1. Do we find that VAL87 is out of contact with any Cys (no Cβ under 9 Å at 6 or more places or on another chain) and either without any contact (Cβ under 8 Å) to a residue 24 or more places away in the chain or open to solvent by 40 Å² or more (accessible area, probe 1.4 Å) (or both) in this structure?
2. Open to solvent by 10 Å² or more (accessible area, probe 1.4 Å), among the hydroxyl-bearing types (Ser, Thr, Tyr) and touching a residue at least 40 places away in the same chain (Cβ under 8 Å) - does that describe any residue in segment 101-108?
3. Identify the single condition in (1) of a type in the set (Val, Ile, Thr); (2) open to solvent by 10 Å² or more (accessible area, probe 1.4 Å); (3) in contact with a helix residue (DSSP H, G or I) (Cβ under 7 Å, 6 or more places away or on another chain); (4) under 23 Å from TRP281 (Cα atoms) that VAL39 does not satisfy, given that it satisfies every other one.
4. Is there a residue in segment 43-61 that is surrounded by fewer than 18 Cβ atoms within 10 Å (Cβ to Cβ), within 16 Å of the ligand (Cβ to nearest atom), of a type in the set (Gly, Ala, Ser) and touching a residue at least 60 places away in the same chain (Cβ under 8 Å)?
5. Could you please find all residues in segment 198-217 being surrounded by fewer than 20 Cβ atoms within 10 Å (Cβ to Cβ) and either within 16 Å of the ligand (Cβ to nearest atom) or not hydrophobic (A, V, I, L, M, F, W, C) (or both)?
6. Against the condition more than 13 Å from the ligand (Cβ to nearest atom) and open to solvent by 10 Å² or more (accessible area, probe 1.4 Å), how does ARG226 come out, does it pass?
Amino acid sequence: MTIATAKDILMPAAQNGYAVGAFNVTNLIQLEAVVEAAVEKRAPLIIQTSVAPAKFLGPHVLVAVYRALAESAPIPIALHLDHCEDVVYCQQCADAGYTNIMIDASKQDFEENVRRTRAVSDYCHALGGISVEGELGTVSGVEDQIKVVEDEAALCNPAQVVEFVERTGVDLLAPAIGTAHGVYKTADPRVDFERLRCINELLNGSGVRVPLVVHGGTGLPVDTVRRLVAVGGCKFNVSTELKRTLIDATFDYIAAHRDEYNPGKIDKVVKDAVRRVVAHWIDILGSADKA
Ligand code: 13P
């Protein structure tokens, strides 16, 4: 039985200086692929769905597949709801069996962010077996239904993090530090390492309390990822790269086999391609053999 919360998985990571990949999936082939890659690497794993795939497939279906795979896997696996702005939908996914919930009230003012995040924390903690992620500052780019233009994105103010964590009771914090959802427009995006280091020191300097989450994994140079891990980045979210891999692998296969009508072969090609991407991330993050 290897059902786990993201906090269960991330506490040892934060204490031992490695990070764990949190991979957004949009369908069941991707979901199986990320599990297979993590099992091969003996790496702890966080599977994520944003709200659109959760609504399309249904949280109960996703939880049933997650549980079936996780219960027979020799690694801890969490199922995380990503960037949900709706407190009631967070609660519904918690009821269905997600083991980590992200309430994203980061576009609200500080007090409203605290209020909504607290409501989700209280609900999930009362249910038990669920950890909660909050966001402070706003990450730019497009993730699912949420679009934040660069000018409106605001980095996390370190002076607010201790108060935010204490008043909301969150288990994980995603501070905006300059990373962005989607594809970076430059090869070397401006990431505020010092801000993350400072936030990590404030929250976890005298013992890990709240592991830190880095959004916008796709396109970050390997060196940037390693530097972010070194200053406290512990959960790395990767979404766009998996979507592109799915679409490109499907397109390439169909283009080369236009007269063939065998969906199973397309599924296999997609699964292999996604597995390779996930395995590469696990190597970069240092979580292989940590399960
Ligand atoms: P990318 O789409 O840039 O990989 O970002 C993923 C993410 O942060 C999901 O929360």
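1. Working: out of contact with any Cys (no Cβ under 9 Å at 6 or more places or on another chain): yes; either without any contact (Cβ under 8 Å) to a residue 24 or more places away in the chain or open to solvent by 40 Å² or more (accessible area, probe 1.4 Å) (or both): no.
Against the criterion (out of contact with any Cys (no Cβ under 9 Å at 6 or more places or on another chain) and either without any contact (Cβ under 8 Å) to a residue 24 or more places away in the chain or open to solvent by 40 Å² or more (accessible area, probe 1.4 Å) (or both)), VAL87 does not qualify.
2. Taking every residue of segment 101-108 in turn, at least one turns out to be open to solvent by 10 Å² or more (accessible area, probe 1.4 Å), among the hydroxyl-bearing types (Ser, Thr, Tyr) and touching a residue at least 40 places away in the same chain (Cβ under 8 Å).
3. Single failed check for VAL39: (3).
4. Yes, there is a match, as at least one residue in segment 43-61 is surrounded by fewer than 18 Cβ atoms within 10 Å (Cβ to Cβ), within 16 Å of the ligand (Cβ to nearest atom), of a type in the set (Gly, Ala, Ser) and touching a residue at least 60 places away in the same chain (Cβ under 8 Å).
5. GLU201, ASN204, GLY205, SER206, GLY207, ARG209
6. Numbers: more than 13 Å from the ligand (Cβ to nearest atom): yes; open to solvent by 10 Å² or more (accessible area, probe 1.4 Å): yes.
It is true that ARG226 is more than 13 Å from the ligand (Cβ to nearest atom) and open to solvent by 10 Å² or more (accessible area, probe 1.4 Å).
The values are calculated or read from the model by the stated rules, or taken from the named source; none is laboratory data. The structure presented is a predicted model; accordingly, all values stated were derived computationally and were not measured. Every residue, glycine as well, gets a Cβ built from its backbone with ideal geometry; the counts of neighbours run over all protein chains shown. Calculation scope for accessible area: heavy atoms of the full protein, side chains included, ligands and nucleic acids excluded. Shrake-Rupley method; radii C 1.70, N 1.55, O 1.52, S 1.80 Å.
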